[in-house]
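Below is one structure, written out as C-alpha cells, with a few remarks after it.
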Amino acid sequence: MKKTKAAKILAVILAFAMLLACVSPAFAIVIPQDVKNVILLIGDGMGPNSLEWTKAELGVELFMDTLPYQGYSMTDSLDGTTDSAAGATALSCGRRVFNSNLCTLAFKPGSGAIIFSYMNVSEAAKSLGKKAGIVTSDANHGATPAGFSVHTYKRDLSEEITVQQMNSNLDLIWAADGGFSSAEKFESAGWTYSTSMSELEQVEYGKRSFAAINGKIEYETGRKDDAPLSALTALALKKLDNDKGFFLMVEGAHIDKNSHSNNKEGMMKSLIEFDKAVETAVNFAKEDGNTIVIVTADHETGGITYNEEKKEYEYTSGGHTSANVPLRLYGCDELVKDGAAVKNTEVAKLIAKKLGYNGLFPKATFNFGFLFDFIAAVIKTIGEKN
Ligand SMILES: [Zn+2]
C-alpha cells in the first residue's frame, strides 16, 4: 500500500518535471553547481527603455529578453547619479564611490588623495589562477574597462590608466585604439599587440593579448577593418577558455555615447551589436555548462521616456539618469528572485562568489600615503588658485 502511494507521488513529480522541460524550449533551466567561468556584459548607458525603444522602432526582438532570470539594478554612486567610472567600480569592486574614482575611494574626487584601494573581480579571478579579460568598443582607457583593470582616483588620466593596464596581470585587453598604447612598450612588457581582427586571430593561444583596434567595434559597417563586438567576444572566449576558468567583461560603450548626443540610430545599432555579444556569450555558456552570464548596465543615458501624447519614445536628457537598469542572468537565479531592484554592488559580490573567491569581498586596502597625498593635493589646489 505504502509502495503504491510512493510510486504515485514519484509519477506526479516525474510528470511535472517533464512538463517543465517541455514548456521551456528556449532554455533548459540549467544552474551549474560548479561555476568555472563568469562573463559580465555591460551595456553602457542601457536603460530598460533603450531596449523598448529599439524593439518598437526597428520591429526586432532582442536575445536579452529570452534570458531566464530578469530583474533590475540600482546605479547611484556617492555623488547621486553615477558616471561610468563609479558605475564600473560598483560592478567590479562591490563598493559605491565618488564619480571618476576607479577601484578607489578618493577623499575629494579629482584631488588625488586615495583613501582606499579596492580589489576588483579581475584581480579576484587572477588570484584564483583563472584568466581575466576585457573587451570593449571604447578605448582601453575608457572608464568602464579601466574600472576592471586599474586603481586611480580620476578617470581621465588616460596615459596612467594605459600604463597600469600594461603592468597589470590581465590576460586580454581588447579595445578601440585609444592613442596612448604602443606596440613597442606593450610587447616589451610581455603582451602581444594587435590592431585588427585578423591580427588577433593569429595570436597564439595562451599569450597575453592587447588590442588597439583601428576599425569599428560598436557595430558592423561593412568595412574590411570592422571588428564587431560580438565577433571580438567570440574570439576572446576562445582565447580565454582554459581548465581553471576565466572572468570576462564585455562592454558595449556606444549605447551611452550615442545617447549623449541623442543619436537614436547609433544607439540602436550599438545596442543590437551588444545583444549579439550577449547571445555569443550565452551560447558559449550553454555549451560549456559551467559558465554563468550576467548582463546589466552601469547607468541609463538619455532619459528615454515614452511620450503618451506622441505615442512614441523620446530622449529627455543628454546625460546620465538614476533610472534602474536591466539585470539579466543565465546559469544563476540569484539577485533577481523577488523582482526587486538590487544595488549594483551586489553584482560584483556575486561574481567574486561565483568565481570561487573565498576571501573577504569587497576587499579594501587602506592607503597609508593618504595623509601625504592629501597634503600634496591641498598644496596643489592652493597653487592652482594663485
Ligand atoms: Zn556616459
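The values are calculated or read from the model by the stated rules, or taken from the named source; none is laboratory data. No experiment lies behind these values; they were computed from the predicted model shown. Neighbour counts are summed over all protein chains in view; Cβ atoms, including those assigned to glycine, are modelled from backbone coordinates with ideal geometry.
Only a single item in (1) over 22 Å from Tyr118 (Cα atoms); (2) assigned to a loop (DSSP other than H, G, I, E, B); (3) not acidic (Asp, Glu) is not met by Phe361, and it is number (1). Take the stretch 295-345 and flag every residue that is within 16 Å of the ligand (Cβ to nearest atom) and among the charged types (D, E, K, R). Answer for the stretch 295-345, where residues must be within 16 Å of the ligand (Cβ to nearest atom) and among the charged types (D, E, K, R): Asp298, Glu300. For the stretch 240-249, filtering for residues that are crowded, with 19+ Cβ neighbours inside 10 Å and either among the charged types (D, E, K, R) or not in a loop (DSSP other than H, G, I, E, B) (or both) leaves 5.
For (1) outside any helix (DSSP H, G or I); (2) among the basic types (Lys, Arg); (3) surrounded by fewer than 21 Cβ atoms within 10 Å (Cβ to Cβ), each residue gets a yes or a no:
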site: Leu200; (1), (2), (3): no, no, no
site: Gly206; (1), (2), (3): yes, no, yes
site: Phe210; (1), (2), (3): yes, no, no
site: Gly215; (1), (2), (3): yes, no, yes
site: Glu220; (1), (2), (3): yes, no, yes
site: Ala227; (1), (2), (3): yes, no, no
site: Leu232; (1), (2), (3): no, no, no
site: Lys238; (1), (2), (3): no, yes, yes
site: Glu251; (1), (2), (3): yes, no, no
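One residue alone among Asn283, Asn263, Asn290 is of a type outside the set (Phe, Trp, Tyr), free of Cβ contacts under 8 Å to residues at least 40 places away in the same chain and more than 16 Å from the ligand (Cβ to nearest atom), and that residue is Asn283. How many residues are in contact (Cβ under 8 Å) with a residue 60 or more places away in the chain and assigned to a strand (DSSP E or B) when one looks only at the stretch 310-357? Going through the stretch 310-357 one residue at a time, the tally reaches 12. Looking at the stretch 10-28, is at least one residue modelled with pLDDT under 65, of a type in the set (A, V, I, L, M) and under 24 Å from Leu237 (Cα atoms)? Within the stretch 10-28 (the criterion being modelled with pLDDT under 65, of a type in the set (A, V, I, L, M) and under 24 Å from Leu237 (Cα atoms)), the answer is yes, since at least one residue qualifies. For the stretch 106-125, the count of residues that are within 16 Å of the ligand (Cβ to nearest atom), closer than 22 Å to Met46 by Cα, of a type in the set (A, V, I, L, M) and part of a helix (DSSP H, G or I) is zero.
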